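Reviewing the structure listed below.
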Amino acid sequence: MNKPTVLVLTDWYAPGYKAGGPIRSCKNLIDNLGNEVDFKVLTTNTDLMEATPYEGITSNQWIEYDNTQCYYLSKENINHQTIKTLLKTTPFDIVYLNSLFSFYFTIIPLWLLRSQKNKKIILAPRGMLGKSSLSIKPLKKRLFLNIAKSINLFKDVIWQATNETEAVDIKNNIANASKVKVVPNLPKKLVVNFLSKKEKKVGTVDLFYLARISKVKNLTFALQCLQDTPPDIKINFDLWGQVDDQTYWQECQNIIKEINKRHINTTIKYHGTIEYDKVGTLIPQYHFMFMPTLNENFGHSIIESMSLGIPVIISDQTPWKQLEAKKAGWDIDLKNKEKFLAAIHEAAYQDQETYNLWSTSAHNFAKSIILDAEVISRNKDLFFNA
């Protein structure tokens, strides 16, 4: 088969990392399939909520970055005419849109490409049509979806759902979304070496949160759980991630102040963002990830945590189910706060032998996901049989 050329449009791409999952989804896709698909990436020259361009990256021309042709647009060149020119002058067979609501990297390209029947369009909504995601700024999002329907903006678009739940979300929210392919995200390509187990003392647990600070990640719920933990366990909870919503972060900080003041055995600290290439050495410093997200269509940090032998305490709003039975962690109904408290307590009271078993089980579960040949095959099929 001929090697297809795929033009990827995304607001943020490597070396950026602050946008989290959407960057990782794109980068992992290209790293895994780059030998068989000719990817070209059109993106911005800054990270999420940053004004300073990436160091060492030339803007506004095609360059090679990490074995991929990339075009990093400067702020002054992000406009309708530039997007139109690049779509006209860049050879490609398929355009891959890495978002749903991006004005310049999804909506404008869809409008410009509506008459080009020879160009196939794949759109990955990245969980943005989930109930929890649509509940954030709902009027604005519903208005856009209604306008898109009225002008038939999504005609002939091929939708990438990362699981069956997202496929249902797409069909429920997008009129005439007849071309929906369930194609799971690809995890980080290389399986890390299984690191030695962290020392585990009974009655103590080191937890971490690694995600954007936003409502959909549900940090306030995690903090409220820690407010109700019994005083007999010692908890350290470290927060890592980009603050997306300052108002929401202030709400989180208010809870943190109360916990640090009243719970002598619970310590919570925010450490800011961390570059992706340093995550592999950060995660093994903890015992469990704690992230009761409202919605996650994949959860790259969740899989990476388990791949490093660190079990997780998460909600049931991710693709990763029955973790307790697998001894890889817990996936819990958000309505069952008591179960979260019980999981934290059980995690704290694991001894070294028990923790080592769970650590190994988490690693083996993640490894089975990372090495799943069927997932690779379905991602290839997305481009070769679009």
**Fill in**
Between the Cα axis of helix 246-262 and the main Cα principal axis of the chain, the angle (0 to 90°, nearest 10) is 10 degrees
**Request:** Express as a percent, rounded to the nearest 5, the fraction of DSSP beta bridges in the range 29-140 (both residues included) that run antiparallel.
**Result:** 30 percent
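Could the peptides 96-103, 315-322 be put in order, highest first, of the mean number of other beta-carbon atoms found within 10 Å of their residues?
On the way: 96-103: 21.1, 315-322: 18.2.
So the order, starting with the most tightly packed, is 96-103, 315-322.
Can you sort Glu76, Glu296 so the residue with the fewest Cβ neighbours within 10 Å comes first?
Ordered by Cβ neighbours within 10 Å, fewest first: Glu76, Glu296.
I need the GluC sites (Glu not before Pro) found in the range 141-226, filtered to DSSP loop residues with at most 11 other beta carbons within 10 Å of theirs. Walk me through the intermediate numbers first.
Working: sites: Glu164, Glu166, Glu199; in loops: Glu199.
Filter output for the range 141-226: Glu199.
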**Request:** Along Cα→Cβ, 7 Å out, is where each label goes; now give me the distance between the ones at Arg262 and Asp156 in nm to one decimal.
**Result:** 6.0 nm
**Message:** Please report the antiparallel percentage of DSSP beta bridges with both residues in the chain, rounded to the nearest 5.
**Reply:** 10 percent
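By counting other Cβ atoms within 10 Å of each Cβ, how are Ser132, Ser359 ranked from fewest to most?
Working: Ser132 17, Ser359 27.
Sorted ascending by nearby Cβ count, the order is Ser132, Ser359.
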**Complete:** Shape descriptor, the range 204-370: equivalent ellipsoid semi-axes (Cα gyration tensor, sqrt 5λ, whole Å, largest first) stand at 22, 19, 15
**Request:** Run the quick spin-label model on Lys119 and Thr52: label points 7 Å from Cα toward the beta carbon, then report their separation in nm to one decimal.
**Result:** 3.5 nm
**Prompt:** How far is helix 138-150 tilted off the main Cα axis of the chain, in degrees rounded to 10, range 0 to 90?
**Reply:** 30 degrees
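Estimate the FRET efficiency between Lys321 and Lys198 by the formula 1/(1 + (r/R0)^6), using the beta-carbon distance for r and 25 Å for R0, to the nearest 0.05.
Details: r = 25 Å, r/R0 = 1.01.
Calculated transfer efficiency: 0.50.
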**Asked** Can you put Met289, Met49, Met306, Met128 in order, fewest other beta carbons within 10 Å first?
**Response** Met49, Met128, Met289, Met306
**Prompt:** For Leu282 and Lys234, FRET efficiency with R0 = 30 Å and r from the beta-carbon atoms, rounded to 0.05?
**Reply:** 0.90
**Between 0 and 90°, nearest 10: helix 337-348 axis offset from the chain longest Cα axis** = 70 degrees
**Request:** Extending each Cα 7 Å along its Cβ direction at Asn35 and Lys137, get the distance between those two points in nm, one decimal.
**Result:** 4.1 nm
**Message:** Counting just the Cα atoms, what span does the chain cover along each of its three principal axes? Round to the nearest Å and put the largest first.
**Reply:** 65, 42, 42
**Fill in**
Among Ser307, Val202, Tyr276, the residue whose Cα sits farthest towards the positive end of the charge dipole of the range 197-317 (+1 at Cβ of Lys and Arg, -1 at Cβ of Asp and Glu, taken about the Cα centre) is Val202
**Fill in**
Sorted by chain and then number, the residues having a modelled amide H within less than 5 Å of the amide H of Ile332, at least 5 places away or on another chain, are Ile314, Ser315, Asp316
**Complete:** Among trypsin sites (Lys or Arg not before Pro) in the range 7-108, those in a DSSP loop whose Cβ has at most 10 other Cβ atoms within 10 Å are none
**Fill in**
Residues whose modelled amide H sits under 5 Å from the amide H of Val182, counting only those 5 or more places away in sequence or on another chain, are Ala161
**Asked** Can you list residues whose amide H is under 5 Å from Tyr349's amide H, if they're 5+ apart or on another chain and H is modeled 1.01 Å from N?
**Response** Gly203
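A short reminder: the numbers here are calculations on the coordinates, not readings from a lab. Computed from a prediction, not measured in an experiment: that's the story for all the values here. Ideal geometry is used to build each Cβ from the backbone, glycine not excepted, and the neighbour counts take in all protein chains shown.
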